[in-house]
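This report concerns only the one structure given below.
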Amino acid sequence: MTTPLAAPPVGRRAAVDLAAIREQWGDLLAAIAHPPAAEWPPRETRGGFLDQLAAADRTDDPIPAAPVIGRLPLTIREHPAPLNLDALDAALDTERDLFDLADAVAEQVQRPVRRTPVVLRSLPPRTVVREDLADRQNPGRWHYQTPESAGSRAYGLHWAAVWLEGRALGEKYGDLFTPVPALLLDHLAATAAGARQAVERALGRDGRSTALDRPCPWCGGRLTGRTRAGGEPVVACSTGALCTAPAEDGRRRGEWRGADLIALWAALAVDRQQPAA
Ligand SMILES: [Zn+2]
């Protein structure tokens with residue numbers, strides 16, 4: 001499969017939004033099992049190193065995070081008592097919207113399963129028309145839901161997003177798909193954009209700022225956390241360039257992002273173990 005350079009901008013935009021949705025899907029599912037973040041950065045945005053540092057700090061956590069294997073096959077599981085209803089609603093809405101969208105796109109661009117005549121060795125021999133099994137099982141195919149089977153929905157949102165990305169970019173798959181007509185591509189892009197917004201809103205990644213409940217461990221300034229679309233958390237100290245926190249090479253004083261957050265997070269964790277003044 002190759003991506004034709006000719007994919008129209010609206011298709012490329014849709015593919016970017018769909019990729020953002022599936023990359024954040026595990027975080028959204030994990031968020032369902034936790035109370036809405038009163039802490040910052042939202043626990044699900046603390047990748048790798050921050051997680052390890054936070055582990056000691058988390059022993060009082062009564063609910064283990066949902067298991068996330070890599071970032072893969074993520075399906076919404078039964079939550080007897082979801083703690084974050086906004087995240088659950090966003091996940092259910094997103095899944096439904098993308099599944100319905102894949103149905104609609106498949107209906108217009110996917111070739112029906114080939115039917116071939118088969119001669120039965122009966123007496124007298126009879127010819128029946130049967131679906132081509134290999135064509136039906138073509139892994140590129142989107143399968144509709146039936147009363148007996150969940151079809152492609154069984155593979156979860158991740159696959160639906162990947163499949164839609166392929167259609168948005170006009171990827172070829174033999175003669176299985178025809179190009180997505182312009183109107184349908186607009187609908188695809190609008191649905192993907194709306195779904196991405198809903199996911200990022202539920203994760204607090206839509207650009208809102210959050211005041212941290214602890215002051216800057218070095219200068220006592222107010223700390224404000226912000227998670228931008230796509231997920232990179234940034235913390236700023238209100239003292240700005242006069243903040244006395246040690247600044248590594250090239251880091252802007254009074255601001256932490258990416259790997260720099262590790263120092264801030266460690267200092268806050270130590271601070272948290274002291275009784276609040
Ligand atoms: Zn400071």
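Read the figures in this text as sums done on the coordinates, not as results from a lab. What you are looking at is a predicted structure, and each value in this text was computed from that prediction instead of being measured. In this analysis, Cβ positions are derived from the backbone assuming ideal geometry, glycine residues included, and neighbour counts consider all displayed protein chains.
If the condition is being part of a loop (DSSP other than H, G, I, E, B) and within 30 Å of ASP27 (Cα to Cα), then the stretch 106-145 contributes PRO139, GLY140, ARG141, TRP142, HIS143, TYR144, GLN145. Here the condition is being surrounded by fewer than 16 Cβ atoms within 10 Å (Cβ to Cβ) and either in a helix (DSSP H, G or I) or of a type outside the set (S, T, N, Q) (or both); of ALA241, ALA198, ALA236, it holds for ALA241 alone. The condition of being among the hydrophobic types (A, V, I, L, M, F, W, C) and closer than 30 Å to PRO233 by Cβ holds for ALA195. Within the stretch 146-170, if we keep just the residues that are among the aliphatic types (A, V, I, L, M) and in a loop (DSSP other than H, G, I, E, B), the residue that is surrounded by the most Cβ atoms within 10 Å (Cβ to Cβ) turns out to be LEU169.
When THR210, THR227 are screened for being among the polar types (S, T, N, Q), away from the ligand (no atom under 16 Å from the Cβ), within 20 Å of LEU29 (Cα to Cα) and touching a residue at least 40 places away in the same chain (Cβ under 8 Å), only THR227 passes.
The set of residues from the stretch 171-188 being among the hydrophobic types (A, V, I, L, M, F, W, C), assigned to a loop (DSSP other than H, G, I, E, B) and under 14 Å from GLY11 (Cβ atoms) comprises just one member, VAL180. Out of ASP186, ASP260, one residue alone is away from the ligand (no atom under 16 Å from the Cβ) and farther than 16 Å from ALA19 by Cβ. It is ASP186.
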